[in-house]
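Worksheet: one structure, shown below.
The values are calculated or read from the model by the stated rules, or taken from the named source; none is laboratory data. Note that this is a predicted model, so its numbers are computed, not measured. Neighbour counts run over all protein chains shown; Cβ positions are idealised from the backbone, glycine included. With ligands, DNA and RNA removed, areas are computed over all heavy atoms of the protein, side chains included. Shrake-Rupley method; radii C 1.70, N 1.55, O 1.52, S 1.80 Å.
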Amino acid sequence: MPQKNRELRSEKLDARWDGLLLTVAVILAILASQPFVEMGQIDDFSYVKTTFDFARTGHLLYNGWATAMLGWQVVWGALFVKLLGYTYAATKLSTLTVAAGCVWLTHSICLRCGVNRRNAIFGTLTVSLSPLFVPLSVTFMTDISGLFAILVCLYCCLRALDAQSDRMVVAWVVIASLTGAVGGTARQIAWLAPLVMVPSAVWVLRRRKGVVVAGVIGELMTAAVVLECMRWFKAQPHSVSVTVIPEIWSGREMVGHYLGAFLCLSFLVLPILVASFTYVRAIPRKTLAWMTLLVPVALIASMFVTRHNPMRGMMPWIGDVIIRLGIFDYRNGWFIGISPMTFNFSERIAVSAAVFAGLIVFFYVTLLERSSSGADADGRSWHCLTFLFGPFSAAYLALLTPRTLLPEIIDRYLLPLLVLAVVVLLRLYQERVETHLPLISYVVLLLFVFLSVAGTHDWIAMYKARVLAVNRLHAGGITSSQIQAGFEADGVTQIANAGVVIDQRVPTPPGIDRVRYRPANLPDACVDLFEGDTPTIHAEYFLAYQVVPCLKTSQFGGITYRTWMPPFTREILILKLQ
């Protein structure tokens, strides 16, 4: 027995080193994408401006675009701005440090939830090198900060469940409530962790001395913080309040959005799902034939249910981040034209079919055909995991309902659910099938890593080309107000000109023009070239992927740039009105 205890202690110590080494490896992989560019990405141009203002004035100043409160993320980013200068790189480096914390926490959570050492490493890489986590880690978006807050709270709850003394149980419950209350100030949905997850842990630990009292006090404190912060945020000039129940489009579309979110999440965990493919030969021939038939049927059915979605029921099913890695693009979305695609229609169909096949075979193997070769977990019971993960996941999905009633749900909202899904799937596999994942899982994971890193590199390369194009125009005497360079750049120009981006949900001070700019004699077919959110931009030159109607090539040509995925040579064109 003493020898066995020493071996267990040694393995736990080695596993702690695993977390640190994984963190270093993931950060190096992300840095390999050459991620820093002096331009905003997605919504973070607004958040960066708020951070610059906070570093300069000590006040949180919103500019008409942020629906997130930003809170501690701005404070953390301002520290980097003070140390490294007023640059986008400084703020994005602050996000990268938070992402590093997420890697370590994910690994620790996997271990404490009963995932064995090798699978915990695999699960951590599945999350932290996913085509969702990597690109978000090099932005100043609030998704990584929100994930960090949720993971900290979950980690504290797991430590409370593992604590031997009542005093330490209470201490971890209190820490979970405090960190959760602060963590949600960056991204409000993270408040679900202290509001739902902590009470769930307290219920499991209710027989321990002092835990219920600590839990009730923590819950009341968190609720007070949430209510006061929300009241304060709503009162701030130019903050954006989101309607809780927007206009309902249709029940089918709501179901389609939830289905799309589920399938997108399934795509992200595909490296785990394909582990079941090694057991296809053991499936009875008749059953396998039905399962094979079910794949195209499920694919066609999903296309029907999600037909309102621009992706038409194919991988990655929902958009915002993953699609930017050469998978899909909206015509004239936040940039004129359509980005060059790495994945064609047939390849997206093939990956979609693989996801459905993975889902069907994995759940057949793990839930319907229990194998004796699996191993029982040494850690957390399923009863405990159900209480920790179940209510939180249900509440999280419920808060996504308003998004399902809008034109589209967003893939980056799946990050917290991705961690929970990885833990559950790995536990299922190692207990009911095999202790370790097969080679095919590692091969698919490597493909995902390449997509994440190379796709992020190509995405950033596009922004770098846009910066060069704007600089070329500036050198030619063209001001930023005469350039439409994509919404991320135009938003910065609009804020510089008027102080706010024009959002119809946000009242603006008198004297600020809210009317979309339209040059004289502009044909009606060309009006959409000018954004209603940025009316102070009176564009004469437009950056674009392709020449589009109403525009023609200009004397400034274009900027050619190289990518790691096909097509390897791409160009940002500088166009002007016809």
Checked the stretch 58-83 for anything at pLDDT below 95 and either of a type in the set (Lys, Arg) or assigned to a helix (DSSP H, G or I) (or both); matches are GLY71
Residue ID - most open to solvent (accessible area, probe 1.4 Å), chosen from residues in the stretch 526-543 that are more than 14 Å from ARG514 (Cβ to Cβ), of a type outside the set (Ser, Thr, Tyr) and touching a residue at least 40 places away in the same chain (Cβ under 8 Å) | ASP528
For the stretch 326-337, indicate whether the set of residues that are closer than 30 Å to ALA469 by Cβ, basic (Lys, Arg) and either touching a strand residue (DSSP E or B) at 6+ places or on another chain (Cβ under 8 Å) or part of a helix (DSSP H, G or I) (or both) is non-empty.
-> no
Just to be sure, is LEU205 buried (at least 20 other Cβ atoms within 10 Å of the Cβ), at pLDDT 95 or above and at negative phi?
-> no
Could you figure out which of (1) assigned to a loop (DSSP other than H, G, I, E, B); (2) in contact with a Ser or Thr (Cβ under 6 Å, 6 or more places away or on another chain); (3) among the acidic types (Asp, Glu) isn't true of ASP490?
-> (1)
Taking the stretch 164-223, which residues are closer than 30 Å to TRP76 by Cβ and of a type in the set (Phe, Trp, Tyr)?
-> TRP172, TRP191
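For the structure I just gave you, tell me whether THR97 is among the β-branched types (Val, Ile, Thr) and more than 29 Å from LEU129 (Cα to Cα).
no
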Quick one: which of LEU147, LEU136, LEU154, LEU125 is under 19 Å from TYR413 (Cβ atoms) and more than 12 Å from the chain's Cα centre (by Cα)?
-> LEU154
Name the pairs whose Cβ atoms lie under 6 Å apart, with the first residue in the stretch 329-357 and open to solvent by 70 Å² or more (accessible area, probe 1.4 Å), the second assigned to a helix (DSSP H, G or I), and 6 or more positions between them or separate chains?
-> TRP334/PHE487
Could you tell me whether THR139 is of a type in the set (S, T, N, Q) and assigned to a helix (DSSP H, G or I)?
-> no
Considering only residues that are outside any helix (DSSP H, G or I) and open to solvent by 40 Å² or more (accessible area, probe 1.4 Å), look in the stretch 35-57 and name the one that is nearest to ALA454 (Cα to Cα).
-> PHE36
Taking the stretch 431-457 and the residues there that are open to solvent by less than 10 Å² (accessible area, probe 1.4 Å) and in a helix (DSSP H, G or I), the one that is farthest from LEU96 (Cα to Cα) would be SER441
Evaluate the stretch 245-256: report whether one residue or more is open to solvent by less than 20 Å² (accessible area, probe 1.4 Å) and in contact with a His (Cβ under 7 Å, 6 or more places away or on another chain).
-> yes
Boolean, ALA496 is open to solvent by 20 Å² or more (accessible area, probe 1.4 Å), modelled with pLDDT of 95 or more and not β-branched (Val, Ile, Thr) | no
For the stretch 153-169, which residues satisfy the criterion of being surrounded by fewer than 24 Cβ atoms within 10 Å (Cβ to Cβ), free of Cβ contacts under 8 Å to residues at least 60 places away in the same chain and of a type in the set (A, V, I, L, M)?
-> ALA163, MET168, VAL169
Which one of these is under 18 Å from THR560 (Cα atoms), open to solvent by 50 Å² or more (accessible area, probe 1.4 Å) and at pLDDT 95 or above: ARG466, ARG472?
-> ARG472
The stretch 182-191, residues that are crowded, with 24+ Cβ neighbours inside 10 Å and among the hydrophobic types (A, V, I, L, M, F, W, C) = ALA186, ALA190, TRP191
Looking only at the stretch 285-303, decide whether some residue is on the phi < 0 side of the Ramachandran plot, surrounded by 15 or more Cβ atoms within 10 Å (Cβ to Cβ) and part of a loop (DSSP other than H, G, I, E, B).
-> no
Identify all residues within the stretch 499-520 that are β-branched (Val, Ile, Thr) and either open to solvent by less than 30 Å² (accessible area, probe 1.4 Å) or within 27 Å of GLN546 (Cα to Cα) (or both); write none if there are none.
-> VAL500, VAL501, ILE502, VAL506
Mind checking whether some residue in the stretch 544-553 is under 30 Å from the mean Cα position of the chain (by Cα) and surrounded by 19 or more Cβ atoms within 10 Å (Cβ to Cβ)?
-> yes
Output the residues belonging to the stretch 54-93 that are touching a His at 6+ places or on another chain (Cβ under 7 Å) and either polar (S, T, N, Q) or farther than 22 Å from ALA190 by Cβ (or both).
-> ASN63, GLY64
